[in-house]
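Let me begin by presenting the structure, written as structure tokens, before commenting on it.
All of the numbers you see were taken from the coordinates with simple rules; none came from a lab. The shown structure was predicted, so the numbers you read here are calculated from the model rather than taken from an experiment. Using ideal geometry, Cβ is built from the backbone for each residue, glycine included, and neighbour counts are taken over all protein chains shown.
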Amino acid sequence: MKFSTEALRHDWTKEEVLSIYHLPLMELVYKAATVHREWHAPDEVQIATLLSVKTGGCPEDCSYCGQAARYHADIKVQALLPVNTVLSHAQKAKERGSTRFCMAAAWREVRDNRDFDRIIEMVKGVNEMGLEVCCTLGMLTESQAVRLQEAGLYAYNHNLDTSEEYYDKIITTRQFDNRINTINNVRKAGITVCSGGIIGLGETVEDRVGMLRTLANMETHPESVPVNALARVKGTPLENNAKVDAWDMVRIIATARIMMPASMVRLSAGRIEMTEAEQAWCFMAGANSIFTSDAEKLLVTPNPGVADDMSMLHNLGLKPKAV
Ligand code: SF4
């Protein structure tokens, strides 16, 4: 099977994507690596820092999430941080090589209140540092998206998590369509879209392919596609799910890279359970971004720290991507 990467496609069929996903692994990685080289510098990895600016106490019921109040996971609940605290984290992240700074608040949706005003101040401050600034705040109206864009927001993260068909097995407090609606509002405001999903939720390969098709068949591909392996959090309904197989991560990353060649594909949650060699396969398959963290945490789950990540990049002959 040949892939034309001269133009971005938005008409992927289920059969076509399944046949890519199930290619013999070496063939799949070779094809994805070839596409990757046509669109990106293969020795560059974007380093992003993710800071939880408001942690826990979320009213939603996402079955994988330790921040959902109803699961009583062992996390430290934290009200919205002061602007200065966030800006000093952003400054430190920049000094340690990050070019993208993402702020996450465990909210169902944004409300037009003083907390949102504070987020706007954070966005302005981080933008002035010359970092790509990204937020993930839950559902967003069009006018809220416009306010964020005017403050300098570069990207908004809103993951699909899984396929439309499997969505209600994972989350019941909102619908898949709500996700699409927020993504559309973000697009209309001229903010770039960061949207991906999680594997290891108990979904089938068809669900993984369905999620990728929803992303890749959008009128504009998300500029950033995070691929997460379930981080099993004690107290959540999915705490006893099986560990995600590294080869499944490699397959989904390679498939995403082939379908959305221009996008940044971010190897996100789950790296802590992967060896350096397994992560190297993910980079070979087309991942070109990671989250790193001073606190060795990705929101409320463990993540490799900056020093370990820099040492890994050095070992693999990779370098942090400039803005
Ligand atoms: S994933 Fe987000 S929306 Fe869902 S429970 Fe966690 S913080 Fe809330």
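For the range 84-125, how big is Rg over Rh, using alpha carbon atoms and the Kirkwood form of Rh? Radius of gyration over Kirkwood radius for the range 84-125 works out to 1.02.
For the cross-link pairs Lys94/Lys319; Lys76/Lys188; Lys188/Lys321; Lys54/Lys319, which exceed 26 Å when the distance is taken from alpha carbon to alpha carbon? Don't skip to the answer; put the middle values down first.
Working: Lys94/Lys319 15 Å; Lys76/Lys188 36 Å; Lys188/Lys321 28 Å; Lys54/Lys319 31 Å.
From the list (Lys94/Lys319; Lys76/Lys188; Lys188/Lys321; Lys54/Lys319), the Cα-Cα distance tops 26 Å for Lys76/Lys188; Lys188/Lys321; Lys54/Lys319.
Quick one: angle between helix 205-216 and the longest Cα principal axis of the chain, in degrees between 0 and 90, rounded to 10, please. Value to nearest ten degrees: 70.
Listed by chain and number, the aspartates and glutamates whose alpha-carbon sits under 19 Å from that of Lys92, ignoring those within fewer than 8 places in the same chain, are Glu121, Glu128, Glu132, Asp294, Glu296, Asp308, Asp309.
Give me the Å³ per residue figure for the convex hull around the C-alpha atoms of the chain.
Values: hull volume 38.2 nm³, N = 323.
Per residue, the Cα convex hull of the chain comes to 118 Å³.
In order along the range 50-57, the phi-based Karplus estimate (6.51 cos²θ - 1.76 cosθ + 1.60, θ = phi - 60°) of 3J(HN,Hα) comes to 10, 10, 7, 8, 8, 10, x, x Hz; Gly and Pro are listed as x. Normalised by the number of residues in the range 1-156, the average gap of Cα pairs under 8 Å and 6 or more apart makes the relative contact order 19 percent.
By the Cβ-Cβ criterion of under 4.7 Å, the unpaired cysteines of the chain are Cys58, Cys135, Cys194, Cys282.
Here's the list of lysines a cross-link from Lys169 could span, going by alpha-carbon distance under 23 Å and ignoring same-chain residues fewer than 8 apart: Lys14, Lys234, Lys243.
Treating only the Cα positions of the range 195-323 as identical point scatterers, give the base-10 log of I(q)/I(0) from the Debye formula at each q in 0.09, 0.14 Å⁻¹. Log-scaled intensity ratios, in q order: -0.25, -0.61.
Each peptide in 166-177, 200-211, 281-292, 107-118 gets a packing score, the mean of other Cβ atoms within 10 Å over its residues, and the list from highest to lowest is 281-292, 200-211, 166-177, 107-118.
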